[in-house]
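Engineer: Before we start, here is the structure in question, set down as structure tokens.
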Amino acid sequence: MRVIVTGGLGFIGSAVVRMLIEQSEHEVLNVDVETYAATRGSVESVAENDRYDFVGIDITDADAVRRTFDSYAPDAVLHLAAESHVDRSIDGPDQFVQTNVVGTCNLLNAAVEQQRRSGTEDSFRFIHVSTDEVLAPSARRARRSTSQRRIPPALRTQRRRLRRITSPEPGLRRMDFPPSSPIAATTTDTFSFRRSSFL
């Protein structure tokens, strides 16, 4: 399996990269723009492995993301790249929106294109691993806090039209996509991500 790992020079991402190289036969493309949170030395133990490669692109650059997907043709994406420090988000919220929203959207668009080209709609996987600072509170906590609010009829109708894509793995949260969407994606926080979720 060919896997793209975004944010693979970060604390969690580098551990995922090392695990994939050391404990599986997967090929890994590490995608990281090398911000303040990146440490090249964190993947030094696997950097010379034939199944490992690195590309220094910014996921906010849609063309670069598309070119990377075109040339690498991944079977799966583990998306860990994110801006996640709350204090920094107050000082510079634009970068957080660009990376966490626009960057994720660019990756999802490239993943959909890759699925359509390769005919892998049933087997392609996109897993978004992050913290609650990026993903927001869990659905259960969100339901508790909003259970007293009245949901507008239009939103109830929209919710009924969306299909639920559910991961079989514990700890992974569901995401809503329109019925016509070919992508199957799940989100999880860093503590719920399990080795069995992917290997």
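Engineer: Give the peptides 49-58, 13-22 in descending order of average Cβ contacts within 10 Å, highest first. Walk me through the intermediate numbers first.
Structural biologist: Values: 49-58: 14.8, 13-22: 21.0.
The packing order, highest mean first, is 13-22, 49-58.
Engineer: Ok, one more. In nm, to one decimal, how far is the Asp122 label point from the Glu25 one, both placed 7 Å along Cα→Cβ?
Structural biologist: 2.2
Engineer: Moving on to the next point. Please compute the length gained on full extension between Asp61 and Ala47, using 0.36 nm multiplied by the number of residues separating them and subtracting their Cα-Cα distance.
Structural biologist: Numbers: separation 14, 0.36 × 14 = 5.04 nm, distance 2.47 nm.
Contour length minus Cα-Cα distance gives 2.6 nm.
Engineer: Going by a ≥ b ≥ c, the root eigenvalues of the Cα gyration tensor, does the range 1-132 fall in the rounded group (a/c under 1.5), the prolate group (a/b larger than b/c) or the oblate group? Please list the in-between numbers first.
Structural biologist: Numbers: a/c = 1.89, a/b = 1.17, b/c = 1.62.
Oblate.
Engineer: Once fully extended, how much extra length lies between Ala15 and Asp70, figured as 0.36 nm per residue of separation less the alpha-carbon to alpha-carbon distance? Mind showing how you got there, number by number?
Structural biologist: Values: separation 55, 0.36 × 55 = 19.80 nm, distance 2.58 nm.
So the extension gain works out to 17.2 nm.
Engineer: In addition: For the range 64-79, in order, what is each residue's ³J(HN,Hα) by Karplus, 6.51 cos²θ - 1.76 cosθ + 1.60 with θ = phi - 60°, in whole Hz (x at glycine and Pro)?
Structural biologist: Using θ = phi - 60°, the values come out as 5, 5, 4, 4, 5, 5, 4, 7, 8, 6, x, 9, 7, 10, 10, 9 Hz.
Engineer: Let me ask another. Need the full-extension length gain, Glu113 to Arg40, defined as separation in residues times 0.36 nm minus the C-alpha distance. One decimal, nm.
Structural biologist: Numbers: separation 73, 0.36 × 73 = 26.28 nm, distance 3.01 nm.
Between Glu113 and Arg40, full extension yields an extra 23.3 nm.
Read-outs: derived from the displayed coordinates by stated rules, not from any lab. Computed from a predicted structure; not experimentally measured. Glycine gets a Cβ as well: all are built from the backbone with ideal geometry, and neighbour counts include every protein chain shown.
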